[in-house]
Structure formats: structure tokens, C-alpha cells
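To start, the structure itself, in C-alpha cells.
The values are calculated or read from the model by the stated rules, or taken from the named source; none is laboratory data. Source: prediction; values computed, not measured. Counting neighbours? That spans all protein chains shown, and the Cβs are built from the backbone with ideal geometry, glycine included.
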Amino acid sequence: MHTIERSAPSTTFALWQRLAARPLGKLLFSVASWVRVPYFGTILPTVVRMRPGEAEVRAPKWWGVHNHLGTFHAIAMCNLAEYAMGMLAEATVPATHRWIPRHMNVDYLAKAKTGLRAVAAVTPLPVFGPDAVDLPVPVLIYDSTGRVVVQAIITIKVSPRD
């Protein structure tokens with residue numbers, strides 16, 4: 001990755017910065033994200049924290065995410081991991097660049113019997129230049145007891161906008 005100065009944040013991250021500290025702002029931001037990408041609405045995620053290099057999101061356990069065992073469905077957990085990664089990417093990738101997922105590696109470590117918290121984090125903070133790069137984004141998903149139930153690495157391609 002080449003070193004360049006950070007440009008303006010993405011419109012998504014700018015919206016988060018305007019809404020997050022306001023009453024119900026995090027919920028409003030989260031619902032707006034479901035409208036923009038309706039599939040994410042199936043897991044009812046809420047953004048808790050979003051900043052360059054890190055994002056934390058939560059999703060409740062409700063019947064819409066159940067599998068035949070009554071636990072959080074594996075694909076719903078993948079959806080939550082991708083949502084967390086996307087919030088990290090929106091906060092980290094400047095408006096001069098775009099990103100798209102290329103690869104996802106997921107390890108299911110335990111049954112998820114509760115609501116979940118997903119944390120995506122990248123350190124050190126990347127700086128993007130004129131060349132496309134692949135950026136691996138680790139995501140850990142925790143149950144309400146703090147146990148890691150899923151670990152994922154989602155690789156995104158980051159490239160300059162045309």
C-alpha cells in the first residue's frame with residue numbers, strides 16, 4: 001500500500017458521525033443501512049461503534065435467524081460478520097476509493113444460543129494509494145457470555161474510484 005493523505009470519509013461514515021451521538025441516532029443509522037441493503041435487515045443488526053479500523057455491531061436472537069436447532073443460523077452469522085466488516089470498511093476506506101468483498105473464511109466454534117456481538121478490527125490502520133489492494137478484515141462474533149462463537153476473515157478488494 002502506498003502512503004497518501006486521507007481524503008474525505010465515505011458518505012456512510014459521515015452519516016454515522018452526524019447521527020451516532022444523537023438520541024436514537026445509532027438505531028436510525030442502522031435502520032437506514034437496512035433500507036440501503038435490505039438483506040442485512042433480516043438479522044436486525046445495530047451499529048454500536050464505528051471508526052477507522054474498527055466496527056462493533058449487535059444482532060438479537062429472534063425466530064427469523066433460527067436454524068432447526070433453535071440457535072443462530074450459520075448463514076445469519078455470516079451475514080452479521082459481513083455487516084461488521086462493511087461498517088469497518090465504510091469507516092476506513094476514504095471516499096476516493098471503493099471496496100468489495102472477495103473472499104470469506106469462516107470458522108464456526110460453538111452454537112450461538114443468544115444474541116450476538118460482532119467486532120471487526122484492522123491494525124495497523126491501512127493507508128490506500130493508487131493501486132488496488134486486498135485487505136483481510138478479521139471479525140470475531142461473541143455470544144452474550146463473551147464466548148467467541150465464530151471467527152471470520154473477510155478479504156476485501158480496495159481500489160481507487162474511476
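As a summary of the residue check, residue 76 satisfies the conditions (1) surrounded by 14 or more Cβ atoms within 10 Å (Cβ to Cβ); (2) outside any helix (DSSP H, G or I) except for the one numbered (2).
May I ask you to verify whether residue 145 is closer than 18 Å to residue 46 by Cα, more than 17 Å from the chain's Cα centre (by Cα) and either part of a strand (DSSP E or B) or without any contact (Cβ under 8 Å) to a residue 60 or more places away in the chain (or both)? First the steps, then the outcome.
Working: closer than 18 Å to residue 46 by Cα: no; more than 17 Å from the chain's Cα centre (by Cα): yes; either part of a strand (DSSP E or B) or without any contact (Cβ under 8 Å) to a residue 60 or more places away in the chain (or both): yes.
Here the answer is no, as residue 145 does not meet what is asked.
Quick check: anything in the stretch 105-112 outside any loop (DSSP other than H, G, I, E, B), more than 17 Å from residue 152 (Cα to Cα) and either acidic (Asp, Glu) or at pLDDT 95 or above (or both)? Within the stretch 105-112, none of the residues are outside any loop (DSSP other than H, G, I, E, B), more than 17 Å from residue 152 (Cα to Cα) and either acidic (Asp, Glu) or at pLDDT 95 or above (or both). Considering only the stretch 75-96, I want to know if a residue exists there that is over 28 Å from residue 111 (Cβ atoms), within 13 Å of the chain's Cα centre (by Cα) and not hydrophobic (A, V, I, L, M, F, W, C). Yes, because at least one residue in the stretch 75-96 is over 28 Å from residue 111 (Cβ atoms), within 13 Å of the chain's Cα centre (by Cα) and not hydrophobic (A, V, I, L, M, F, W, C).
When the residues of the stretch 84-112 are filtered to those that are out of contact with any Ser or Thr (no Cβ under 7 Å at 6 or more places or on another chain) and β-branched (Val, Ile, Thr), the one that is surrounded by the most Cβ atoms within 10 Å (Cβ to Cβ) is 92.
The listed residues are 125, 116, 140, and the only one of them that is touching a residue at least 40 places away in the same chain (Cβ under 8 Å) and closer than 19 Å to residue 74 by Cβ turns out to be 116.
Taking the stretch 4-60, which residues are basic (Lys, Arg), closer than 25 Å to residue 129 by Cβ and at pLDDT below 95?
Here is the first cut: in the stretch 4-60, the ones basic (Lys, Arg) are 6, 18, 22, 26, 36, 49, 51, 58.
The next check asks that each one be closer than 25 Å to residue 129 by Cβ; those that pass are 6, 51.
Listed by number, the list holds a single entry, 6.
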